Amino acid sequence: MAQLLITGGAGFIGSHTALVLLEAGHNLVVLDNFSNSAPEALRRVQELAGPEAAQRLTVVEGDIRSAADLDRTFAAAPGDQPVAAVIHFAGLKAVGESVREPLRYWDVNLAGSRQLLAAMQAHGCRTLVFSSSATLYGYPEVVPIPETAPIQPINPYGHSKAAVEQLLDDLAASEPGWRIARLRYFNPVGAHPSGRIGEDPSGVPNNLFPFVSQVAVGRRAELQVFGGDWPTPDGSGIRDYIHVMDLAEGHRAALDVLLAEPPQLLTLNLGSGEGHSVLDVVRAFEAASGRPVPFQIVARRDGDAASTVADPRLAAERLGWRTRRGLADMCRDGWCWQQANPHGYGH
Ligand code: NAD
Ligand code: UDP
């Protein structure tokens, strides 16, 4: 059992990971400015975790770019327990928005991470799990993609993640003692099986899964499938979808390894190793929901790759972790969340 600090813990991946870590017996302080989430998510995490575990979660509203907010957060652990590790989810993640507002992306994602690392150094905490992304691989040359593939991001969001990865390299090389995991997520989807917590995008979803579930629930008329002429078996794009609960468990496994082993810098893909096309997702969601998902095939979206699938073997080897849930589980749990919360948390 350790005292952990989770930045962005009210968000989609953060809330599911917070639940898994509470269930593993850890004490958590969550720092979130709720710019893309609602306090209600953390209230539901507490409800799912039960009354004993709920007391082990402290919430601080604040910004990772503020040294004062970070100091307040490090001091917020009950009983003055030092923070043993940070899990850093806070950041901005919309590719299109990053093209329009690069300054904001570099500010939150890079300057925010730098500020957090400085606070960790000042507070004597040198263990970090960082949310990186498969977007770093750009248009991959080899699929499934190994961690050794070239880093060649193609948008400001990806550049900001690559810059943080580089900063973590530099930091780990600068002094001994850092324990860092850079986790490159593929496509996180789905929800907790209770349907109490899930993904709650604001506005029109950019990503396939939330869009499909909003079509199924009747919030949107039809899906646009971006490209039917990709070099894939059915002509639609292929991605490696990972159930958010598998991803949350991957964080717990990474943390356990970092805390148990000598200091190291780990860089791991978190994905299933299986690819599914857009049309596979449509069919699986229709089967899980019993609702039609009308779609139209339109032009390719700028910046999309035909196929991105993880080589997940290194994570299996280093963490003893692999995904356990398939596409049908992702659709079932995503639909359960969507149906019970057609307008998300209502924030
Ligand atoms: P999310 O937007 O749901 O969660 C991010 C959380 O960070 C939100 O609660 C938001 O309010 C908070 N936040 C944003 N800026 C902040 C700031 N300046 N100070 C404090 N809190 C702040 O996103 P998510 O899908 O849960 O993603 C979490 C992390 O994983 C992000 O770093 C993202 O880039 C990365 N990632 C996500 C995906 C994905 O498809 N969801 C894929 C790869 C990597
Ligand atoms: N996609 C689509 N219609 C949409 C959103 C996405 O056809 O409204 C496709 C997209 O072209 C890609 C896949 O679905 O092949 C996953 O896209 P998403 O944006 O969810 O993830 P990413 O492209 O970041 O991997």
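Read-outs throughout are calculated quantities, based only on the coordinates presented, and are distinct from any laboratory measurement. The model shown is predicted, which means the values in this text are computed figures rather than measured ones. FYI the Cβ positions are ideal-geometry reconstructions off the backbone, even for glycines, and counts take in every protein chain you see.
Summary of computed values
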| read-out | value |
| --- | --- |
| Fraction of beta bridges assigned by DSSP in the chain that are antiparallel (%, nearest 5) | 5 percent |
| Normalised alpha carbon radius of gyration of the range 16-58 [divisor 2.2 N^0.38 Å] | 1.07 |
| Under the Debye formula (equal points on every Cα, no solvent term), log10 I(q)/I(0) of the range 48-165 at q = 0.13 Å⁻¹ | -0.63 |
| Descending semi-axes in Å of the range 178-275, equivalent ellipsoid built from Cα gyration tensor | 32, 18, 10 |
| Between 0 and 90°, nearest 10: helix 112-122 axis offset from the chain longest Cα axis | 20 degrees |
| Selected from Pro144, Ser160, Met330, residue furthest toward positive end of dipole (the chain; charges at beta carbon) | Met330 |
| Relative packing of peptides 96-105, 318-327 - highest average C-beta neighbours within 10 Å first | 318-327, 96-105 |
| Volume of the Cα convex hull of the chain, divided per residue and given in Å³ | 122 Å³ |
| Within the range 317-340: backbone nitrogen closer than 15 Å to the Gln264 label point (7 Å, Cα to C-beta) | 317-321 |
| 10 Å-binned pair-distance histogram of the range 102-149 (Cα, whole percent) | 21, 35, 30, 13, 1 |
| Modelled FRET efficiency - R0 41 Å, Arg72 with Gln224, Cβ distances, 0.05 increments | 0.40 |
| Only Lys, Arg (+1) and Asp, Glu (-1) charged, at Cβ; the range 164-312 dipole about Cα centre in debye | 560 debye |
| Using alpha carbons only: equivalent-ellipsoid semi-axes of the range 110-222, gyration tensor based, whole Å | 32, 19, 13 |
| Of Pro51, Pro201, Pro82, the one that fluctuates the most in a GNM where the chain has Cα springs shorter than 10 Å | Pro51 |
